[in-house]
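Presented below is the structure to which this report refers.
The values are calculated or read from the model by the stated rules, or taken from the named source; none is laboratory data. It should be emphasised that the depicted structure is a prediction, and the values quoted were computed from it without experimental measurement. We place every Cβ from the backbone using ideal geometry, glycine too, and count neighbours over all the protein chains shown.
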Amino acid sequence: DTGVSQDPRHKITKRGQNVTFRCDPISEHNRLYWYRQTLGQGPEFLTYFQNEAQLEKSRLLSDRFSAERPKGSFSTLEIQRTEQGDSAMYLCAGSQQFNSPLHFGNGTRLTVT
Amino acid sequence: KNQVEQSPQSLIILEGKNCTLQCNYTVSPFSNLRWYKQDTGRGPVSLTIMTFSENTKSNGRYTATLDADTKQSSLHITASQLSDSASYICVVSEEAAVNKLTFGGGTRVLVKP
């Protein structure tokens, strides 16, 4: 157990609906990352927070995606108007420093029907 | 474009045997190389992190090597156990970049009794 929790573990939604995922990192982790992973592939970077500031966003993060980290604690990732191509595992990870290991949660598996 | 290539894509080994996974990268400038283990349906877990000056690092039955000149790394699993069945992901970090982690596609290992 890495101490990073994600909720829900699984989400099935219909195309066009909005979904929101939550990540609770370890309290010492001032850096928080969101990744997307499809079957058989490595994780792809989506966005990065240092404390409450969103410092970087991948071009994969279309305007349908938004992430927040109020007060630098938990984070949420929202996908609006979901598409079937959004079906993937969404992973959250935290770390203390740049060169320290990433501690991943067990992800939220999204299925868009 | 920074890339991390892993080989083989998958392999099957008998319990108790050893195996070696390969990782070649083109990330530059290089900061560190990480190996993660990912069980099915779970988030990746860190095995090792190596910087430019380190050429080998062990974590129990896992030993990683790094040749920064040839930009190659390997992960050796000794005396494999059924619990080693997982995907192993090589991740390379770009120097001085807050979030420039390039993930390989992983090697899927299946250990059979």
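Each row is one residue, and each column tells you yes or no for (1) within 10 Å of the chain's Cα centre (by Cα); (2) more than 21 Å from B:V91 (Cβ to Cβ); (3) assigned to a strand (DSSP E or B); (4) aliphatic (A, V, I, L, M).
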site	(1), (2), (3), (4)
A:F49	no, no, yes, no
A:D63	no, yes, no, no
A:E78	yes, yes, yes, no
A:Q97	no, no, no, no
A:S100	no, no, no, no
Just one listed residue, out of A:Q50, A:Q80, A:Q54, is at pLDDT 90 or above, touching a helix residue (DSSP H, G or I) at 6+ places or on another chain (Cβ under 9 Å) and not aromatic (F, W, Y), and it is A:Q50
Given the options A:E68, A:E56, A:E78, name the one that is within 8 Å of another protein chain (Cβ to nearest Cβ), of a type in the set (D, E, K, R) and either surrounded by 13 or more Cβ atoms within 10 Å (Cβ to Cβ) or in contact (Cβ under 8 Å) with a residue 12 or more places away in the chain (or both). A:E56
Has region A:39-46 got any residue that is surrounded by 21 or more Cβ atoms within 10 Å (Cβ to Cβ) and outside any strand (DSSP E or B)? yes
Quick check on my filter: what residues within region B:10-54 are surrounded by fewer than 13 Cβ atoms within 10 Å (Cβ to Cβ), farther than 20 Å from B:E94 by Cβ and modelled with pLDDT under 95? B:T40, B:G41
So, A:A88, is that one within 14 Å of chain B (Cβ to nearest Cβ), under 20 Å from B:G41 (Cα atoms), aliphatic (A, V, I, L, M) and touching a Cys at 6+ places or on another chain (Cβ under 9 Å) or not? no
